[in-house]
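**Q** The structure is given below, and queries will be raised subsequently.
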Protein chains: 2
Amino acid sequence: MNRYPLQKHVLLAVDCIIFGFDGYNIKLLLIKRSFKPEKNKWSLMGGFVEQKESPEDAANRVLKQLTGLEGVYMEQLHTFGNPYRDPVERTVSVAYSALIDIHEYEMQISGDYHAEWFLLKEKPKLIFDHDGMVELAKKQLRYRAAFHPVLFELLPDKFTIPQLQNLYEGVYDTLFDNRNFSRKILSTNLLVKQKQKDKLNSKKGAFYYKLDRKKYKADFKSFLNFVPNPDKFIM
Amino acid sequence: MNRYPLQKHVLLAVDCIIFGFDGYNIKLLLIKRSFKPEKNKWSLMGGFVEQKESPEDAANRVLKQLTGLEGVYMEQLHTFGNPYRDPVERTVSVAYSALIDIHEYEMQISGDYHAEWFLLKEKPKLIFDHDGMVELAKKQLRYRAAFHPVLFELLPDKFTIPQLQNLYEGVYDTLFDNRNFSRKILSTNLLVKQKQKDKLNSKKGAFYYKLDRKKYKADFKSFLNFVPNPDKFIM
């Protein structure tokens, strides 16, 4: 096999940014790095891509090896290629991200692994350029959450407004005024009020709601109404 | 300097997907590859990343070297890492894309270069996985065009409905019914009718319109009205 002449080679790695929602807060999954450099520092789940492996396959393998997590749908986020991002040797990293329901996967992350969930605001400083990777993943999540019901996917079928507000506050890292949030979300007419109340989390109780998915889809379309049948083209 | 042990190295390349609008049609810029393998076949503008260069810098350098184009704002699209995508040696490619006004840059693409603009529907078969790169870039452009006025940026300040329709038809690769398109776009109330008509392109003439950018922004926000101050968070 002819090789390309005189070209410089690099190492290829992957890093996985896993956000999780535990019903109240958005968290980030981290591990303590087990090898040099930066041994024992907090890190995203990362590793090198094997010779005959695609970056996608590597991301799934690395995530499973380091945390036990399996079957998580990760999307390619961005490739980080600054020549000096790894002090040992030039390593280009393809970053992948996902947002999961922590309870759905909690059996997989057993004590065999030393992965830990951190509140976003309590995230320790990470190695290399991993903080920048997390920032970009947050930005992408915020962008998506503004256009698509990705966050609703994480809530149970029936949820309360405070629960939804918590989730949005976690993703956008801000506190929303309770009355304003409630007014704005209800004015979209996308939520259907249920008869039952959640009485566990407050004395007064909070009504449960369901997302009107049909309506969400219709409203989404009406915004895009100068592109006929946007679903045909988008995604 | 300690090197990581036993890791496999890869070549790192970039490929540039440049879409252009000439006032009537969306086109794709291609070159004839000047080295083996696949010499003389049509290709995206691509090349290897130098030792001390970031992929972003490499994309700008490669684009300039192969076409003369300079100062084009390209965004990272996706990294293509299938182990067998290049038959000579494993090469991971970071793809970048941009959408430009062809007239604005036509002086730069001089006869010194052999880059050519192709109508999307007349695009020749490309080397390696470049057809897949173009497909993904088209998908991303369609997604963006549905949410943001990126296509309006390519039109002159005053434009006609047929001109806008042409642009959307090019991006979405479909024919829209003239009356429906006109009715839908006008029903958004985002276009402001001008007094003048374009009489060059039809006997009857077509009124010029301008985009009401303020209103566009307001309507965009109203769609996102359960996220307070979306601009603060998105981009």
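The values are calculated or read from the model by the stated rules, or taken from the named source; none is laboratory data. Predicted model only: the values in this text are computed from it and were never measured. Ideal geometry is used to build each Cβ from the backbone, glycine not excepted, and the neighbour counts take in all protein chains shown. These accessible areas exclude ligands, DNA and RNA; they are computed on the full protein's heavy atoms, side chains included. Shrake-Rupley method; radii C 1.70, N 1.55, O 1.52, S 1.80 Å.
**Q** Quick check on residue A:56: is it more than 18 Å from the chain's Cα centre (by Cα) and within 14 Å of chain B (Cβ to nearest Cβ)?
**A** Considered against the rule, which asks whether it is more than 18 Å from the chain's Cα centre (by Cα) and within 14 Å of chain B (Cβ to nearest Cβ), residue A:56 comes out as no.
**Q** Just to check your reading of the model, which residue among B:198, B:177 is within 14 Å of residue B:158 (Cα to Cα), among the acidic types (Asp, Glu) and at pLDDT 80 or above? Working first, answer last.
**A** On the way: B:177 fails: within 14 Å of residue B:158 (Cα to Cα).
The conditions single out B:198.
**Q** Working only within the stretch B:139-160, note down all residues that are of a type outside the set (A, V, I, L, M, F, W, C), at pLDDT below 85 and not in a loop (DSSP other than H, G, I, E, B). Before you say what the answer is, go through the steps one by one.
**A** Going residue by residue through the stretch B:139-160, those that are of a type outside the set (A, V, I, L, M, F, W, C) are B:139-140, B:142-144, B:148-149, B:153, B:156-158, B:160.
Going one step further and asking which of them are at pLDDT below 85, we end up with B:142-144, B:148-149, B:153.
Within the stretch B:139-160, B:142, B:143, B:144, B:153 qualify.
**Q** Take the stretch B:25-56 and flag every residue that is surrounded by 16 or more Cβ atoms within 10 Å (Cβ to Cβ) and under 30 Å from residue A:89 (Cα atoms).
**A** B:44, B:45, B:46, B:47, B:48, B:49, B:53, B:54, B:55, B:56
**Q** For the stretch B:78-110, give me each residue that is within 10 Å of chain A (Cβ to nearest Cβ) and aliphatic (A, V, I, L, M).
**A** B:88, B:92, B:94, B:95
**Q** Then there is this: Which of the residues that make up the stretch B:13-56 are of a type in the set (D, E, K, R) and over 25 Å from residue B:101 (Cβ atoms)? Steps first, answer last, please.
**A** Here is the first cut: in the stretch B:13-56, the ones of a type in the set (D, E, K, R) are B:15, B:22, B:27, B:32-33, B:36, B:38-39, B:41, B:50, B:52-53, B:56.
Hits for the stretch B:13-56 are B:33, B:36, B:38, B:39, B:41, B:50, B:52, B:53.
**Q** Pick out, from the stretch B:31-138, the strands (runs of 3 or more DSSP E) lying fully within it that include 3 or more residues that are under 30 Å from residue B:174 (Cα atoms).
**A** B:75-80, B:91-101, B:116-119
**Q** When you look at residue A:76, is it modelled with pLDDT of 95 or more and open to solvent by 10 Å² or more (accessible area, probe 1.4 Å), yes or no?
**A** yes
**Q** Give me the residue from the stretch A:1-24 that is within 14 Å of chain B (Cβ to nearest Cβ) and modelled with pLDDT under 85 and, out of that set, nearest to residue A:88 (Cα to Cα).
**A** Only one residue tops the list, namely A:8.
**Q** Continuing with the same structure: Considering the stretch B:165-194 alone, what residues qualify as being open to solvent by 70 Å² or more (accessible area, probe 1.4 Å) and either in a loop (DSSP other than H, G, I, E, B) or in contact (Cβ under 8 Å) with a residue 12 or more places away in the chain (or both)?
**A** B:173, B:175, B:177, B:178, B:189, B:193
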